[in-house]
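**Q** The structure under discussion is supplied below as structure tokens; questions concerning it will follow.
The values are calculated or read from the model by the stated rules, or taken from the named source; none is laboratory data. Everything numeric in this text was worked out from a predicted model, so none of it was measured. No Cβ is skipped: glycine too gets one built from the backbone with ideal geometry, and neighbour counts run over all protein chains shown.
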Amino acid sequence: MLNLYSEEISLRTIGMNIYYLLRMNLKETLISQRQDLTYQSILLRSQMDEEYRIKYGREINRLLELGRFTTYPSQETISIDVESAYDKALKLPYVMHGGRRLFFPRNYSIEQAVEAYSGYICGDRLLGKGDDISPHQYQSEEYCVREGDVVVDVGCAEALFSLDVIDRVSKVYLIERDSIWKAPLQATFAPYKDKVVFVQKLVSDKDGRSTVALPSLLRDEASSPLFIKMDIEGYEPKVVRTLLPLLKEREDITLSCCTYHNNDDAYILEQLFHVSGYQFEYSKGYMLFARYDQPVFPYFRHGVIRAGRQSSVS
């Protein structure tokens, strides 16, 4: 009976693996089709609309050079050398960032860790401060993390952004619900555990066993200037709505929110900041993103919106 049961489980496992593989392949096929359609639509529109061709000239020329869809048509390709290794005691791969170890999950190889890190630095260019045309930069000279700020890293994943600013902040909230990042985050921030709060929950509009609302989480930070960074797969508008009373009340909050996940995210966030009395700016350049929905005209999307009251960003 034991052998038969084991065989049944094994066959079921094989069947489920095949199912998820087919499902994943179908998803990636649909994404590829969206990307191809977006690419062709941009080229067609640029031939018909001179104003469009001029406004997005840099991006269109880049697409023509590549001959294909790319997420970052605003920027040129760069590369870096990455120092990496494997911590045998922790059983985690890591890369070196600014003299600090940035850890990745156990199921990552060293090569995958290097690839991911290189993507953050060279592709996304997350850590710039608006000094070049890179639409995924969280900071600019005006809207940035300042000495003594409390950083709220919503959707932190490996938390490269927080690690990069750790020395000049008073506290960091690392909010990441995916359990694969728990061990890497604890390893990366072990030297800074006195100023880091780990929150393994989904940010929502209410508190629960697996959810947390930012207003209640930050209740004890009433006297601390906040820098709130959000990269949460298109849920940024929903979370910002929960913050509206806090934004209208306080003068010392700066936000940096991704706007590229869905067609309307940038417009919705712009309106929310406007009614809150916040000044805002977009990161330079444009992105193309077709993983969650089919981009609509003009197809190019702003990558990040940064916002704050004038007194807090001057």
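**Q** Consider only pairs whose beta carbons are under 9 Å apart and that are at least six residues apart or on different chains; among these, list those whose first residue lies in segment 271-289 and is not assigned by TED's automatic domain parsing to the domain that holds GLU141 and whose second residue is not hydrophobic (A, V, I, L, M, F, W, C) and not in a loop (DSSP other than H, G, I, E, B).
**A** From segment 271-289, no pairs qualify.
**Q** Output the residue which, of all residues in segment 261-314 that are assigned to a loop (DSSP other than H, G, I, E, B) and of a type in the set (Asp, Glu), is modelled with the lowest pLDDT.
**A** Top of the filtered list is ASP293.
**Q** Quick test for you: out of SER79, SER32, pick the one residue that is surrounded by fewer than 16 Cβ atoms within 10 Å (Cβ to Cβ), polar (S, T, N, Q) and touching a helix residue (DSSP H, G or I) at 6+ places or on another chain (Cβ under 7 Å).
**A** SER79
**Q** I'd like the residue in segment 180-207 that is assigned to a helix (DSSP H, G or I) and among the aromatic types (Phe, Trp, Tyr) and, out of all such residues, is surrounded by the fewest Cβ atoms within 10 Å (Cβ to Cβ).
**A** If we take residues in segment 180-207 being assigned to a helix (DSSP H, G or I) and among the aromatic types (Phe, Trp, Tyr), then TYR192 is surrounded by the fewest Cβ atoms within 10 Å (Cβ to Cβ).
**Q** Any idea how many residues of segment 89-148 are assigned by TED's automatic domain parsing to the domain that holds LEU288 and touching a Pro at 6+ places or on another chain (Cβ under 8 Å)?
**A** Number of matching residues: 2.
**Q** Out of curiosity, is GLY234 in contact with a strand residue (DSSP E or B) (Cβ under 9 Å, 6 or more places away or on another chain), under 21 Å from GLY285 (Cβ atoms) and small (Gly, Ala, Ser)?
**A** Criteria met by GLY234.
**Q** Could you list, in sequence order, all residues of segment 169-179 that are loosely packed, with under 14 Cβ neighbours inside 10 Å and either within 25 Å of CYS144 (Cα to Cα) or touching a residue at least 60 places away in the same chain (Cβ under 8 Å) (or both)?
**A** Scanning segment 169-179 gives a single hit, SER170.
**Q** Further question on the same structure: Select from segment 208-245 the residues that are of a type in the set (D, E, K, R), assigned to a helix (DSSP H, G or I) and in contact (Cβ under 8 Å) with a residue 40 or more places away in the chain and list them in ascending order.
**A** Across segment 208-245, the qualifying residue is only GLU221.
**Q** Quick check: is even one residue across segment 240-257 within 30 Å of LEU43 (Cα to Cα) and buried (at least 16 other Cβ atoms within 10 Å of the Cβ)?
**A** yes
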